[in-house]
Every structure is written in structure tokens, then in C-alpha cells.
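The structure appears right after this line, and notes come after that.
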Amino acid sequence: MSEERFAYAAVLPDRIHRLHELAVDLWWSWDVRARDVFRQLDYALWRRSAHNPVKMLQQISVERLRAAAADPAFLQAYDEAITGRDEERRLVHPWWAEHGGALAGGSVAYFSAEFALHQSLPIYAGGLGVLAGDHCKEASDLGVPLVGVGFMYPQGYFHQRMSNEGWQEEHYERLSWMAAPIEAALTPDGRPCVTSVPLGDRTVLAAVWRVRLGRVRLYLLDTDLEENAPWDRELSARLYGGDRETRIQQEVVLGIGGVRALRALGISPTVWHLNEGHAAFVALQRIREQLEHGTSFDDALETVRKSTVFTTHTPVPAGHDAFPFHLVEKHLAGTWGEIGQHRERFLALGQYDSGHGPQFNMTALAMRTAANINAVSALHGEVTRSMWRPMWPDTPADQLPVRFITNGVHAPTWLASSLMALFNRYLGAGWLDRMDDEALWEQLQEIPDAELWQHRQELRHDLFDYIRERLRSRWIDERVTPNRIVAAGAMLDPTVLTIGYARRFTAYKRPELIFHDVERLARILTNADRPVQLVFAGKAHPADEPAKHHLQRVFRRCLDPTFGGRIAFIDDYDMHVAHYLVHGCDVWLNNPRKPLEASGTSGMKAAMNGVPHLSVGDGWWAEGYNGRNGWLIESSTNPDDQAATDNADAEALYKILEEEVVPRFYERTPAGLPTRWVAVVREAMRSSIPRFSTRRMVKQYVTEMYGPASNGK
Ligand SMILES: *Cc1c(COP(=O)(O)O)cnc(C)c1O
């Protein structure tokens with residue numbers, strides 16, 4: 001592991017030499033002990049570097065390093081983190097010891113177009129990436145042998161800034177790869193891995209980067225190489241940035257290049273997991289490999305099918321990539337080679353008509369080449385089966401091969417450190433290992449109301465400190481107008497009941513539902529004794545014009561005096577902002593048009609932290625709500641009349657706010673405690689942590705999907 005690659009400010013003192021190892025392994029980001037090492041090393045620098053240890057070691061002074069190496073308190077933290085790291089590698093997780101046999105000694109390759117691991121590696125747009133990142137981290141914790149395969153986007157996804165008129169502006173920033181926790185992936189003979197991908201009538205090269213995630217490795221393809229033509233160098237520049245042509249070429253690189261890269265690295269997975277249809281060309285490459293060994297097309301397809309797992313993520317038709325056949329022909333031209341005679345059969349695997357004539361559909365391709373298919377919540381399972389019913393015309397409706405595994409979130413990533421410390425005290429230090437044991441969480445009852453409430457109050461204050469510091473730096477560094485400072489939350493009050501709404505802006509999520517009756521909302525927000533505030537965040541996809549208009553109207557509401565400065569829009573929503581919001585709000589609002597939200601995971605992050613969910617019964621909430629852990633907006637879904645649905649849903653939302661949420665929050669005992677509120681907080685945590693963590697989810701993937709896939713069942 002070369003330190004030169006990172007050009008650190010100084011040679012690390014011997015006593016703390018393994019700081020390098022801690023810094024380049026993103027394991028630090030979800031291990032409290034490792035995180036503490038960097039916080040203690042130089043807290044100001046930690047903040048300034050946006051929590052990026054690699055950057056810290058590039059900027060830290062020699063004196064500071066020397067002082068740390070002689071400071072007993074620091075050394076104790078350092079030793080604990082290093083011991084923790086060594087143990088993690090040495091010990092086999094008890095669950096894996098018992099159930100790991102399911103994989104029969106094999107391993108999993110997990111393909112995804114995006115991975116959200118930490119803000120220092122901005123190669124994600126939203127929920128799909130967060131799920132992929134959380135899946136990999138959990139696989140590392142449990143010791144599941146898994147490698148991730150994705151894209152290194154040097155310009156990542158865009159940064160969002162708002163114009164004075166509230167129009168979203170998109171800024172792309174080139175990643176400083178020196179300061180990113182990535183290293184060149186090496187082939188077995190020790191050379192940097194570069195793979196070639198046939199694309200159209202040419203060959204494109206892709207370099208392969210490696211990211212360390214505890215026991216898991218992630219491999220990222222990057223076409224920005226001098227040997228490539230300028231337009232090919234740009235292929236991997238941005239996530240979801242291009243047109244259809246760019247998109248299909250990215251998918252060829254990910255699917256076909258991804259398999260080739262694993263081969264070059266000497267990695268031979270037995271299970272191939274496609275997270276969404278973007279990587280479905282994996283099947284083509286794998287079929288091709290077998291044809292080259294003389295297998296028949298049917299046998300090759302059967303082998304590939306048995307060992308492929310496919311997870312579909314959305315019931316929204318536009319979320320499923322489909323291309324006209326001529327584009328597929330054009331960009332796969334170089335791939336046919338010896339399998340040219342099977343071209344028609346291959347194209348037929350992707351053929352699907354979703355109402356606009358037959359196209360080459362990546363979801364259809366994945367479904368026809370995967371024997372193990374799942375949706376991401378119970379309700380989404382039902383919706384997926386009926387949506388894709390035509391795929392299996394001869395199969396009875398109750399036997400369609402689509403099951404569900406409800407999403408989860410990685411608790412050590414998303415739980416506030418202060419709450420983790422609280423659990424250490426009340427549940428015992430081993431709670432992380434038993435996190436999905438529902439009985440364990442009964443012990444939450446032992447935490448006194450006052451103590452739990454104290455934590456919730458502090459987390460809300462942390463959120464507002466963060467918002468204010470962001471405002472200050474925008475004010476100083478970017479010289480934004482006072483308007484923007486007001487819209488971004490200058491008048492928010494850290495003692496007031498705060499409702500969070502943060503997710504991608506898009507029409508079906510109805511970001512403006514709460515403004516349905518402006519006067520009624522104003523009465524709720526500006527009540528002098530029991531005020532309420534609303535905090536919004538989220539990006540609109542650069543090509544989604546209607547979403548940008550929703551965003552602009554929300555921005556204008558923030559400036560409307562009718563609402564008394566109690567609405568704010570936090571720009572540039574990312575994992576960092578998400579952490580503060582899911583920790584610090586009091587209520588997490590979600591009001592999609594049912595049943596279009598396949599799962600939703602931000603609500604799980606919030607609930608874990610004692611931020612109850614207030615939501616339409618869609619996605620995970622359809623199975624998560626139990627009558628005591630939050631609130632259900634009973635959606636009177638009428639598919640033929642959206643206006644009537646919106647009307648009824650908004651009415652239901654106001655009623656819950658007025659009659660349930662606000663009174664509960666402000667009703668205090670003589671000691672100042674909102675006892676009935678704390679009961680919901682506690683129940684939100686108790687009911688969500690064991691069931692909606694990736695611990696439960698990855699275990700299910702191993703036993704229900706990976707096991708059967710590795711045994712060819
Ligand atoms: C969790 C998360 C999401 C996904 O949230 P949903 O509720 O599924 O929309 C999106 N973006 C970021 C930055 C997140 O942390």
C-alpha cells in the first residue's frame with residue numbers, strides 16, 4: 001500500500017505509522033473508534049477537510065503529528081482503533097460462521113452504477129447509491145465475500161446552487177483524485193489494471209480503481225485515459241449526465257468492462273448481483289465467455305441465469321432504461337465477434353414493449369437472465385409483479401418469479417454517535433453484533449424519558465448549528481444575497497418542532513403537497529405558542545424541468561412572509577447534509593403518490609435516530625407503521641383523479657399535524673418533558689432498528705438469493 005501515491009505532508013512518526021492504513025480504508029467512516037482518531041488528531045482540520053482523513057494527512061503539520069505521537073490520550077484512541085481493525089479482520093462474524101456455508105465457498109460480485117460511501121467520493125446521486133454503499137459496508141461487517149463493481153466518475157454528480165430566483169444551477173467539480181481514498185487496482189502480477197472494452201467499431205480502455213471498505217473491495221472503472229479519444233475519455237465523466245447514447249455506452253462499459261476487469265484482476269465470483277438494470281450487459285459478456293468455450297447458447301444462458309441475482313428498484317416507467325434497437329446494434333457491434341450468429345437471440349432477451357413499441361429494455365434483459373429476482377419492499381413486490389406480468393405470460397399470477405427483500409440502512413453509518421454511546425450504556429457494548437434481534441431493543445425502555453429527550457434536543461441543536469455555519473460560509477465565500485440567506489434558514493429556531501422533507505425533487509414525490517392549502521399551513525407554522533418549521537432539501541435531475549419548477553416554487557415559499565421565516569431550503573443535499581437532517585429533525589415527512597415509492601430509505605435513517613415518520617403508506621412504511629411509531633397518511637389513491645387524491649392526502653396530512661403531531665410535541669409535564677412525544681420517539685427506534693437495517697437485509701440476501709444462486713437452484 002503505497003503512501004507516496006497520496007503525497008502526505010510528512011512521513012508519519014513510527015508510533016502512529018498505521019494512520020495511513022486507517023485513512024485509506026473507508027471503514028473509518030463507520031467505525032466510531034477510527035473516526036475518533038481523526039477527530040482527535042486535529043479537530044479544526046477535520047472540519048476543514050470535510051471529514052476526509054486522506055486530505056488531513058496531506059495538510060497536517062509535522063509538529064501536530066509529533067505532538068500526537070507523544071500524547072497518551074491520542075495514543076490510547078489510536079491503539080483502540082488499530083486493535084479494532086486487526087480484530088475485525090481476524091474474527092469471523094458468528095452469523096457468518098453459522099450461515100456462510102450457503103455460498104459454498106464462492107463469492108459475490110455486486111454491480112451498481114452508483115455507490116454512496118462517503119462525501120469524499122461523490123459517485124452517487126441518491127437512494128440507489130446509498131443502498132449500494134450500505135450493502136457493501138454491511139457485507140464487510142458480516143464478512144460476506146463480496147466485491148463491488150461500478151464507475152469512477154471524475155466529475156461525479158453535480159453540486160446544487162440556487163440562483164437568487166430559486167432556479168437550480170448545476171456545478172460539476174473535478175474530483176481531486178489525490179485526496180480521494182482510491183488506489184490503482186493491481187492485477188495478480190502487480191501491474192495497474194487496465195481493461196479494454198469493445199464499443200461500436202473501436203476499443204475503449206478503462207482504468208480500474210480500488211476502494212477499501214473494511215473486508216470488501218470496490219472496483220471502479222474510469223475511461224479518462226490518455227489513450228482514449230476525447231469523447232471516450234468523457235464517457236465516465238459524469239453520473240447520469242449524458243444523453244441516451246452516452247448512457248448506453250456507459251452501460252456497455254459497466255457491464256462488459258466490469259466482467260473483463262474482474263477477470264483481469266483474477267477474481268472469479270460465483271454469484272453476480274445486478275443492482276438495477278444498468279449493469280445487465282454483464283449477462284451478455286458472461287454468455288459470450290461460455291460460447292467461446294464451446295457451450296451452446298441455451299446452456300450458457302441457463303448457467304448465467306442460475307447464478308445471477310437482479311434487484312429492481314422502481315415502479316416508475318422512466319426509471320427503467322430502454323433503448324431503440326439501432327443504438328444497441330451500433331454500440332455492441334464490436335462485441336458480437338464470434339457470437340455474431342447468436343445476435344438475434346441476444347437482442348430478443350432485451351425486447352420489451354412498455355407502450356411505445358418494442359425497445360431493448362435493460363430491466364427485461366436482467367429479468368430474462370436472472371433466476372433470482374427481487375423487489376425492495378412487500379408492496380413494491382406486488383407492483384413489480386403486475387407491472388412486468390407480460391414477461392411471464394404462461395406463469396400463473398401467484399407464481400411469478402419476483403420476491404421481495406425490503407431495503408435497510410447501515411446503522412453504524414446512519415446512527416448519531418451520541419445515540420450509539422447511549423446504546424452502549426443501556427444495551428451493553430455488544431449491541432451492534434445483535435442489532436437485528438428485536439428482543440434486544442426492548443431494553444430501550446430503560447432509558448429515562450429525560451435522557452432520551454435530552455439527546456433529541458442536542459441533535460436538533462447540532463442541525464441548526466450546522467445550517468448556520470453553512471450560511472455563514474456561503475455569506476463569506478460566495479457573497480450570496482440576503483434573500484438566499486433567509487431562504488436557507490437564517491430565521492429558523494432550534495427549539496421549534498421541525499419537520500424534514502429531503503429527497504430528490506420529482507413530481508411523483510409531491511414536494512408541494514403540504515402547500516395545498518396555504519392559509520391552513522401558515523396557521524400551523526406561525527402559531528405563536530406552538531410554532532412549526534419545515535426544512536426542505538433535495539436536487540432535481542438536471543433534465544427534469546417540472547421538478548425544477550417545483551423546487552423554485554418551494555424556494556419562493558421560503559421567502560414568503562406569510563410563513564414567518566419558518567420554511568427553509570438547504571441546498572446541495574448529499575450524504576453529509578442527510579446525516580444532519582435525519583439526526584436533527586423531529587418528524588420526517590414523505591408524501592409520494594402511492595405506489596410509486598418502491599421503498600424509501602431516508603425515513604428509516606430518521607426513525608432509527610428517533611425521528612418518527614409521517615408518511616403515506618407506501619414503500620417501507622406500508623410494512624413499518626405499527627400505530628405507535630409515527631403517523632400514517634391514509635392515502636385515498638384514486639388513479640383516475642390525481643387532483644382528488646392530492647386533495648384528500650393534503651387534508652389527511654393537515655389533520656395529523658393539527659391533531660396529533662403538534663399537540664404531542666408541545667404538551668409538557670411540569671418538568672418540561674413531552675412524555676407522549678418521547679414515547680413515539682422510543683417506539684420509532686425500537687421498531688425500526690432491528691427490522692430496517694442492512695443487517696437484516698444482507699442476511700436475507702445471503703440466505704434467500706446468494707445461497708440459491710451459488711448452488712444453481
Ligand atoms: C438516504 C438518501 C437518499 C434516499 O432517500 P429516499 O427516502 O429513498 O428518497 C437520497 N439521497 C441521500 C443523500 C440520502 O442519504
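Just to be sure before I move on: is Arg343 among the charged types (D, E, K, R), at pLDDT below 95 and either assigned to a helix (DSSP H, G or I) or under 23 Å from Glu623 (Cβ atoms) (or both) in the structure I sent? Full working, then the answer.
Working: among the charged types (D, E, K, R): yes; at pLDDT below 95: yes; either assigned to a helix (DSSP H, G or I) or under 23 Å from Glu623 (Cβ atoms) (or both): yes.
Yes; evaluated as a whole, the condition is true for this residue.
Picking from Ala69, Ala7, which residue would you name as being touching a Pro at 6+ places or on another chain (Cβ under 6 Å), open to solvent by 20 Å² or more (accessible area, probe 1.4 Å) and farther than 30 Å from Met362 by Cβ? Can you show your working first?
Working: Ala7 fails: touching a Pro at 6+ places or on another chain (Cβ under 6 Å).
Selected residue: Ala69, the only one of Ala69, Ala7 that is touching a Pro at 6+ places or on another chain (Cβ under 6 Å), open to solvent by 20 Å² or more (accessible area, probe 1.4 Å) and farther than 30 Å from Met362 by Cβ.
Looking at (1) open to solvent by 10 Å² or more (accessible area, probe 1.4 Å); (2) away from the ligand (no atom under 16 Å from the Cβ); (3) among the aliphatic types (A, V, I, L, M), which one does Ala487 not meet, given that it meets all the others?
Failed condition: (1).
Considering only residues that are near the ligand (Cβ under 10 Å from one of its atoms), open to solvent by less than 10 Å² (accessible area, probe 1.4 Å) and of a type in the set (S, T, N, Q), which ones fall in the stretch 592-620?
Scanning the stretch 592-620 gives Ser599, Ser615.
Which numbered condition trips up Leu65, out of (1) under 28 Å from His410 (Cβ atoms); (2) more than 16 Å from the ligand (Cβ to nearest atom)?
(1) is the only condition that Leu65 fails.
Based on this model, can you work out whether Ile476 counts as β-branched (Val, Ile, Thr), closer than 16 Å to Asn591 by Cβ and either away from the ligand (no atom under 16 Å from the Cβ) or out of contact with any Gly (no Cβ under 7 Å at 6 or more places or on another chain) (or both)? Spell out how you get there, then give the answer.
On the way: β-branched (Val, Ile, Thr): yes; closer than 16 Å to Asn591 by Cβ: no; either away from the ligand (no atom under 16 Å from the Cβ) or out of contact with any Gly (no Cβ under 7 Å at 6 or more places or on another chain) (or both): yes.
In short, no.
So, of the residues in the stretch 33-44 that are closer than 20 Å to Tyr580 by Cβ and not hydroxyl-bearing (Ser, Thr, Tyr), which turns out to be surrounded by the fewest Cβ atoms within 10 Å (Cβ to Cβ)?
My answer is Ala44.
Among the residues of the stretch 63-105, what is the count of those that are assigned to a loop (DSSP other than H, G, I, E, B) and modelled with pLDDT under 95?
Matching residues across the stretch 63-105 total 5.
For the stretch 351-374, which positions are part of a helix (DSSP H, G or I) and under 17 Å from Leu254 (Cα atoms)? Write out each step before concluding.
Step one: of the stretch 351-374, the residues part of a helix (DSSP H, G or I) are 362-368.
Within the stretch 351-374, Met362, Thr363, Leu365, Ala366 meet the criteria.
Can you find a residue that is within 15 Å of the ligand (Cβ to nearest atom) and either within 17 Å of Tyr701 (Cα to Cα) or of a type in the set (Gly, Ala, Ser) (or both) anywhere in the stretch 98-112? Give the steps one after another, and end with the answer.
If we filter the stretch 98-112 for residues that are within 15 Å of the ligand (Cβ to nearest atom), which is where we start, we get 112.
Narrowing further to those that are either within 17 Å of Tyr701 (Cα to Cα) or of a type in the set (Gly, Ala, Ser) (or both): 112.
Yes, that holds for at least one residue.
Restrict the check to the stretch 495-503 and report whether at least one residue is more than 26 Å from Thr312 (Cα to Cα), within 14 Å of the ligand (Cβ to nearest atom) and either basic (Lys, Arg) or open to solvent by less than 40 Å² (accessible area, probe 1.4 Å) (or both). It would help to see each step written out before you state the result.
Going residue by residue through the stretch 495-503, those that are more than 26 Å from Thr312 (Cα to Cα) are 495-500.
Within this subset, residues satisfying the condition of being within 14 Å of the ligand (Cβ to nearest atom) are 500.
Now drop any that are not either basic (Lys, Arg) or open to solvent by less than 40 Å² (accessible area, probe 1.4 Å) (or both), which leaves 500.
Scanning the stretch 495-503 turns up at least one residue that is more than 26 Å from Thr312 (Cα to Cα), within 14 Å of the ligand (Cβ to nearest atom) and either basic (Lys, Arg) or open to solvent by less than 40 Å² (accessible area, probe 1.4 Å) (or both).
Just checking, does the stretch 392-411 include any residue being touching a Gly at 6+ places or on another chain (Cβ under 9 Å) and more than 27 Å from Pro595 (Cα to Cα)?
No, the conditions are met nowhere in the stretch 392-411.
State whether one or more residues within the stretch 645-655 are closer than 19 Å to Trp588 by Cβ and free of Cβ contacts under 8 Å to residues at least 12 places away in the same chain.
Residues of the stretch 645-655 closer than 19 Å to Trp588 by Cβ: 649-650, 652-655.
Applying the additional criterion that residues be free of Cβ contacts under 8 Å to residues at least 12 places away in the same chain yields 655.
Scanning the stretch 645-655, I find at least one residue that is closer than 19 Å to Trp588 by Cβ and free of Cβ contacts under 8 Å to residues at least 12 places away in the same chain, so the answer is yes.
For the stretch 113-143, how many residues meet the condition of being more than 15 Å from the ligand (Cβ to nearest atom) and open to solvent by 10 Å² or more (accessible area, probe 1.4 Å)?
Final tally of qualifying residues: 2.
Name every residue in the stretch 292-340 that is modelled with pLDDT under 95, assigned to a helix (DSSP H, G or I) and of a type in the set (Asp, Glu), in order of residue number.
Glu292, Glu329, Glu338, listed by residue number.
Which condition number in (1) part of a loop (DSSP other than H, G, I, E, B); (2) surrounded by fewer than 24 Cβ atoms within 10 Å (Cβ to Cβ); (3) away from the ligand (no atom under 13 Å from the Cβ) is the one that Thr645 fails?
Result: Thr645 passes all but (1).
For every residue, the table says whether it meets (1) at pLDDT below 95; (2) assigned by TED's automatic domain parsing to the domain that holds His550; (3) part of a loop (DSSP other than H, G, I, E, B); (4) out of contact with any Cys (no Cβ under 8 Å at 6 or more places or on another chain).
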{"residue": "Tyr153", "(1), (2), (3), (4)": "yes, no, yes, yes"}
{"residue": "Glu173", "(1), (2), (3), (4)": "yes, no, yes, yes"}
{"residue": "Pro188", "(1), (2), (3), (4)": "no, no, yes, yes"}
{"residue": "Pro198", "(1), (2), (3), (4)": "yes, no, no, yes"}
{"residue": "Ala206", "(1), (2), (3), (4)": "no, no, no, yes"}
{"residue": "Val211", "(1), (2), (3), (4)": "no, no, no, yes"}
{"residue": "Leu218", "(1), (2), (3), (4)": "no, no, no, no"}
{"residue": "Asp232", "(1), (2), (3), (4)": "yes, no, no, yes"}
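Tally time: how many residues in the stretch 247-288 are acidic (Asp, Glu) and over 23 Å from Pro145 (Cα atoms)? Full working, then the answer.
Step one: filter the stretch 247-288 for residues acidic (Asp, Glu), giving 251, 276.
Going one step further and asking which of them are over 23 Å from Pro145 (Cα atoms), we end up with 251.
Going through the stretch 247-288 one residue at a time, the tally reaches 1.
So that you can scan it fast, the table gives a plain yes or no per residue for (1) part of a helix (DSSP H, G or I); (2) at pLDDT 95 or above:
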| position | (1), (2) |
| --- | --- |
| Asp529 | no, yes |
| Val535 | no, yes |
| Leu551 | yes, yes |
| Arg556 | yes, yes |
| Val577 | yes, yes |
| His583 | yes, yes |
| Pro595 | no, no |
| Ala607 | yes, yes |
| Ser615 | no, yes |
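Kindly indicate whether Ala537 is within 16 Å of the ligand (Cβ to nearest atom), in the same structural domain as Asp649 (by TED's automatic domain parsing) and surrounded by 18 or more Cβ atoms within 10 Å (Cβ to Cβ). So that I can check it myself, show each step before the final result.
Working: within 16 Å of the ligand (Cβ to nearest atom): yes; in the same structural domain as Asp649 (by TED's automatic domain parsing): yes; surrounded by 18 or more Cβ atoms within 10 Å (Cβ to Cβ): yes.
Yes; evaluated as a whole, the condition is true for this residue.
Would it be correct to say that Arg85 is basic (Lys, Arg) and open to solvent by less than 30 Å² (accessible area, probe 1.4 Å)? First the steps, then the outcome.
Numbers: basic (Lys, Arg): yes; open to solvent by less than 30 Å² (accessible area, probe 1.4 Å): yes.
Answer is yes for this residue.
Would you say Arg174 is open to solvent by 40 Å² or more (accessible area, probe 1.4 Å) and touching a Pro at 6+ places or on another chain (Cβ under 9 Å)? Let's see the steps before the verdict.
Numbers: open to solvent by 40 Å² or more (accessible area, probe 1.4 Å): yes; touching a Pro at 6+ places or on another chain (Cβ under 9 Å): yes.
So Arg174 passes the test.
Out of all the residues in the stretch 476-495, is one or more part of a helix (DSSP H, G or I) and more than 15 Å from Ser163 (Cα to Cα)?
Narrowing the stretch 476-495 to residues part of a helix (DSSP H, G or I): 476-478, 482-487.
When the remaining residues are screened for being more than 15 Å from Ser163 (Cα to Cα), the result is 476-477.
For the stretch 476-495, residues part of a helix (DSSP H, G or I) and more than 15 Å from Ser163 (Cα to Cα): present.
Given the criterion among the β-branched types (Val, Ile, Thr), surrounded by 24 or more Cβ atoms within 10 Å (Cβ to Cβ) and within 18 Å of the chain's Cα centre (by Cα), identify the matching residue among Val582, Val577. Don't jump to the end; show me each part of the working.
On the way: Val577 fails: surrounded by 24 or more Cβ atoms within 10 Å (Cβ to Cβ).
None of the others qualify; the one that does is Val582.
Condition check: in contact with a Lys or Arg (Cβ under 8 Å, 6 or more places away or on another chain), closer than 22 Å to Pro663 by Cα, more than 16 Å from the ligand (Cβ to nearest atom) and at pLDDT 95 or above. Does Ile567 satisfy that? Even if it seems obvious, please write down each step before you answer.
Details: in contact with a Lys or Arg (Cβ under 8 Å, 6 or more places away or on another chain): yes; closer than 22 Å to Pro663 by Cα: yes; more than 16 Å from the ligand (Cβ to nearest atom): yes; at pLDDT 95 or above: yes.
Taking the combined requirement at face value, the residue satisfies it.
When you look at Ala279, is it touching a helix residue (DSSP H, G or I) at 6+ places or on another chain (Cβ under 8 Å), without any contact (Cβ under 8 Å) to a residue 24 or more places away in the chain and crowded, with 18+ Cβ neighbours inside 10 Å, yes or no?
On the way: touching a helix residue (DSSP H, G or I) at 6+ places or on another chain (Cβ under 8 Å): yes; without any contact (Cβ under 8 Å) to a residue 24 or more places away in the chain: no; crowded, with 18+ Cβ neighbours inside 10 Å: yes.
No.
The values are calculated or read from the model by the stated rules, or taken from the named source; none is laboratory data. Note that the structure is predicted; figures quoted are calculated from it, not measured. Neighbour counts run over all protein chains shown; Cβ positions are idealised from the backbone, glycine included. Accessible surface is based on the protein model in full, side chains and every heavy atom, while ligands, DNA and RNA are left aside. Shrake-Rupley method; radii C 1.70, N 1.55, O 1.52, S 1.80 Å.
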